[in-house]
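Colleague: This is the structure I have questions about; it appears just below.
Each value in this text was obtained by applying a stated rule to the coordinates, not by laboratory testing. Note that the structure is a prediction, hence the values are computed from the model and not measured. Note that we place each Cβ from the backbone using ideal geometry, even for glycine, and neighbour counts take in every protein chain shown.
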């Protein structure tokens, strides 16, 4: 059966590009691997925070749409971004760290077979740290080392993305019949799905709450979630699959750093399929200099002066 290989990246919206840089790097210890612009809106930064080498499955990315409103929490949305850590000791470490840095957080708690630590950023975006302890994960990521977080406690990558929907049965059909995920646990109005080899890097959780209003996107909310496919051949198979369902989609989109396909298989929720390559190393930046320039894909480089004049400079400890 055609399957994705897990979570590729999650893209959220922020009210302040410079503040999210500080939060991601100084609080969570992630690397700024690419400072670029939204390829569909060149007035907007697109910041990619990853592990040390920009591995697929570690990308937490942000748009800062000018004059955006704060998101309205509600149903039919991507609610919570999961970030994997090695074990429960790492959760204890981050709980203490959050208390010291005045980061809004809850207590360490259990969700199905997982131990999690929910927290929020300055915009109220929802996250959870999730422990991989006791859960099989084939992990090839390399946590960023230029951080004060001890090696054993560093964030490994993305995992356990949470959706809130109006009808769990409808979303179950999307996850099982269209996305080819497998439901592995359920309880009351919550279900846990996974794909590929399983583990937190390949899991999503779906909650039903029909009492909520419809979510409205804005800063402090998630824009879309992307799932990993190996290469263009796999991406084309997903295009064929969506044609057969049938489901409306974007067709093949070249993002330079990866190749994509977008579709809305559920009201209010944007799904992306993204290839593992080519990756963030290119003719502008190698692995040692990732995130140190305003990087542009070739199609936007003729407009560099225009772009630099229109976007607000941000201090990221690197060249603009």
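Colleague: Using Cα centres only, tell me the gap between region 38-62 and region 261-298 in whole Å.
Modeller: For region 38-62 versus region 261-298, the Cα centre distance is 6 Å.
Colleague: Something else now. At each listed q (0.11, 0.21 Å⁻¹), what is the log10 of I(q)/I(0) that the Debye formula gives for region 181-320 modelled as equal alpha-carbon point scatterers?
Modeller: Evaluating at q = 0.11, 0.21 Å⁻¹ gives log10 I(q)/I(0) of -0.62, -1.37.
Colleague: To continue, here is another question. Give or take rounding to whole Å, what are the principal axis extents of the alpha carbon atoms in region 1-100, in descending order?
Modeller: Principal extents (Cα only, largest first): 46, 41, 34 Å.
Colleague: Another question, if that's okay. Between residue 177 and residue 19, 0.36 nm times their residue separation minus their Cα-Cα distance comes to what?
Modeller: Working: separation 158, 0.36 × 158 = 56.88 nm, distance 3.99 nm.
Extra length available between residue 177 and residue 19 comes to 52.9 nm.
Colleague: Once every DSSP H run of n ≥ 4 in the chain is given -39500 (n - 2.57) and the sum is divided by its residues, what mean residue ellipticity at 222 nm do you get, rounded to the nearest 500 deg cm²/dmol? Kindly include the intermediate steps, with their values, before the conclusion.
Modeller: On the way: 5 runs with 46 residues, N = 320.
Computed ellipticity for the chain at 222 nm equals -4000 deg cm²/dmol.
Colleague: Show me 122-129, 286-293, 102-109 ranked by packing, highest mean number of other Cβ atoms within 10 Å first. Don't skip to the end; give the middle numbers.
Modeller: On the way: 122-129: 20.6, 286-293: 15.1, 102-109: 13.2.
Taking the mean over residues of other Cβ atoms within 10 Å, the ranking is 122-129, 286-293, 102-109.
Colleague: Sort 273-283, 242-252 by packing, meaning the average of other beta carbons within 10 Å per residue, with the highest value first.
Modeller: Details: 273-283: 17.7, 242-252: 13.0.
Top to bottom by mean Cβ count within 10 Å: 273-283, 242-252.
Colleague: Shifting gears a bit: Going by average Cβ neighbours within 10 Å, how do the peptides 43-52, 59-68 rank, with the highest at the top?
Modeller: On the way: 43-52: 22.3, 59-68: 18.8.
Ranking, from highest mean packing down: 43-52, 59-68.
Colleague: Under 1.5 on a/c is rounded, so check that first for region 139-261, then, if it is not, pick prolate when a/b is larger than b/c and oblate when it is not; a ≥ b ≥ c are the square roots of the alpha carbon gyration tensor eigenvalues.
Modeller: Details: a/c = 1.59, a/b = 1.13, b/c = 1.41.
It is oblate, given that a/c is not under 1.5 and a/b is not larger than b/c.
Colleague: Using a Förster distance of 35 Å, how high is the FRET efficiency between residue 211 and residue 310, based on the Cβ-Cβ distance and rounded to 0.05? Working shown, then result.
Modeller: Numbers: r = 42 Å, r/R0 = 1.20.
Using R0 = 35 Å, I get an efficiency of 0.25.
Colleague: For region 20-76, evaluate the Debye formula with one uniform point scatterer on each Cα (no solvent term) and list log10 I(q)/I(0) at q = 0.22, 0.23, 0.28 Å⁻¹, rounded to two decimals.
Modeller: -0.92, -0.95, -1.07
Colleague: How would 20, 7 line up from fewest to most surrounding beta-carbon atoms within 10 angstrom?
Modeller: Numbers: 20 26, 7 29.
Taking fewest neighbouring Cβ atoms as first place, the list is 20, 7.
Colleague: Expressed in whole Å with the largest first, what are the equivalent ellipsoid semi-axes of region 108-168 derived from the C-alpha gyration tensor as the square root of 5 times each eigenvalue?
Modeller: After diagonalising the Cα gyration tensor, the semi-axes are 23, 17, 12 Å.
Colleague: Take the Cβ-Cβ distance between residue 104 and residue 151 as r, set R0 to 25 Å, and report the resulting FRET efficiency rounded to the nearest 0.05.
Modeller: On the way: r = 26 Å, r/R0 = 1.05.
Using R0 = 25 Å, I get an efficiency of 0.45.
Colleague: Need one number: the % of Cα-Cα pairs in the chain sitting beyond the 36 Å mark.
Modeller: 12 percent
Colleague: Once Rh is set to the Kirkwood radius over Cα pairs, what Stokes-Einstein translational diffusion coefficient, in µm²/s, holds for region 20-166 at a temperature of 10 °C and a viscosity of 1.306 mPa s? Spell out each step's value before the answer.
Modeller: Working: Rh = 16.0 Å.
Stokes-Einstein gives a translational diffusion coefficient of 99 µm²/s.
Colleague: When the Kirkwood radius is taken over all Cα pairs of region 55-136, what Stokes-Einstein diffusion coefficient follows at 10 °C and 1.306 mPa s, in µm²/s? If you can, show how the numbers build up before the last one.
Modeller: Values: Rh = 14.3 Å.
After rounding, the answer is 111 µm²/s.
Colleague: So if each residue of separation counts as 0.36 nm, and I subtract the Cα-Cα distance between residue 113 and residue 264, what length gain in nm does that give?
Modeller: Once the chain is fully extended between residue 113 and residue 264, it gains 51.4 nm.
Colleague: Take residue 299, project a point 7 Å from its Cα along the Cβ direction, then tell me which residues of region 255-269 have their backbone nitrogen under 11 Å from it.
Modeller: 255-257, 260
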